[in-house]
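Read the structure below first, then the notes.
The values are calculated or read from the model by the stated rules, or taken from the named source; none is laboratory data. These figures come from a predicted structure and were not determined experimentally. Here Cβ is always computed from backbone atoms with ideal geometry, including for glycine, and neighbour counts include all displayed protein chains. Remember, those area values only see protein heavy atoms, side chains included, never the ligands or the DNA or RNA. Shrake-Rupley method; radii C 1.70, N 1.55, O 1.52, S 1.80 Å.
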Amino acid sequence: MATSWFQIWYAQEARMYSWLLACALLASWSLWRLLHAERRRLLFAALYTLAITLGVYLHFYGFLVPIAHTVFVLGWLLVTRRWRVGLMWLGAGMASFVLFLPWLSRSLGIFGFGGWRASGNPHEIPWRYLAAYTAGDAMPAPLASWLPWFSLALAAVGTILWWRQRTSASLFLLTSCLVPFGVIYLLAVRNPDF
């Protein structure tokens with residue numbers, strides 16, 4: 001992330017994006033520890049609840065993190081059948097939902113917002129996000145054209161190598177990356193002001 005122009009740009013702004021990223025990382029880490037730790041699961045469940053709640057309060061798109069986690073955990077539960085851990089995760093998620101209830105009606109109102117920009121092409125989302133996260137807007141022209149492809153190749157190689165070493169961790173990473181893109185794409189198809 002120290003070489004990501006997107007992260008460097010937003011780290012220098014006094015806005016919620018860096019905090020949102022920190023909450024997403026804390027939620028992901030605490031979820032992983034909750035699923036795999038033998039002790040202190042209650043602590044990791046509490047951290048997960050706090051991180052998810054703060055993330056969703058910081059930005060409406062913070063809801064993408066628990067959606068991605070839900071997809072992963074449901075698959076993980078089907079394979080491992082560790083239902084007791086699943087109940088702890090469900091309890092942590094429900095606690096986050098209860099903590100977010102005061103703001104829920106306001107947040108659902110965003111689906112009625114028509115946007116303030118000209119509509120874009122939803123099919124451009126994957127490339128635009130990849131280019132934004134890897135090259136950013138400030139990257140000079142020669143690098144900006146090949147850096148997204150290089151980053152995509154590097155991510156593919158890393159995913160394959162990680163898949164061989166620890167499949168569940170690789171699936172967690174893939175789910176955490178691909179599910180939010182899918183949700184954003186579906187939202188953009190519904191309302192092209194993405």
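A few points about this structure:
- Taking the conditions (1) over 28 Å from Phe60 (Cα atoms); (2) open to solvent by less than 70 Å² (accessible area, probe 1.4 Å) in turn, Val183 satisfies each one other than (1).
- Set Leu101, Leu64: member being of a type in the set (A, V, I, L, M, F, W, C) and buried (at least 17 other Cβ atoms within 10 Å of the Cβ): Leu64
- Annotation note: Cβ proximity below 9 Å between a residue of the range 150-164 that is at negative phi and a residue that is of a type outside the set (Asp, Glu) and open to solvent by 50 Å² or more (accessible area, probe 1.4 Å) (sequence gap 6+ or interchain) occurs for Ser151/Tyr133; Ala155/Cys177; Gly158/Leu173; Thr159/Leu173; Thr159/Leu174; Trp162/Leu173; Trp163/Leu171; Trp163/Leu174.
- Residue ID - least open to solvent (accessible area, probe 1.4 Å), chosen from residues in the range 139-180 that are among the polar types (S, T, N, Q) and either closer than 20 Å to Val79 by Cβ or under 20 Å from the mean Cα position of the chain (by Cα) (or both): Ser170
- Top-ranked residue in the range 15-37 [being open to solvent by less than 20 Å² (accessible area, probe 1.4 Å) and among the aliphatic types (A, V, I, L, M); ranked as nearest to Leu58 (Cα to Cα)]: Ala27
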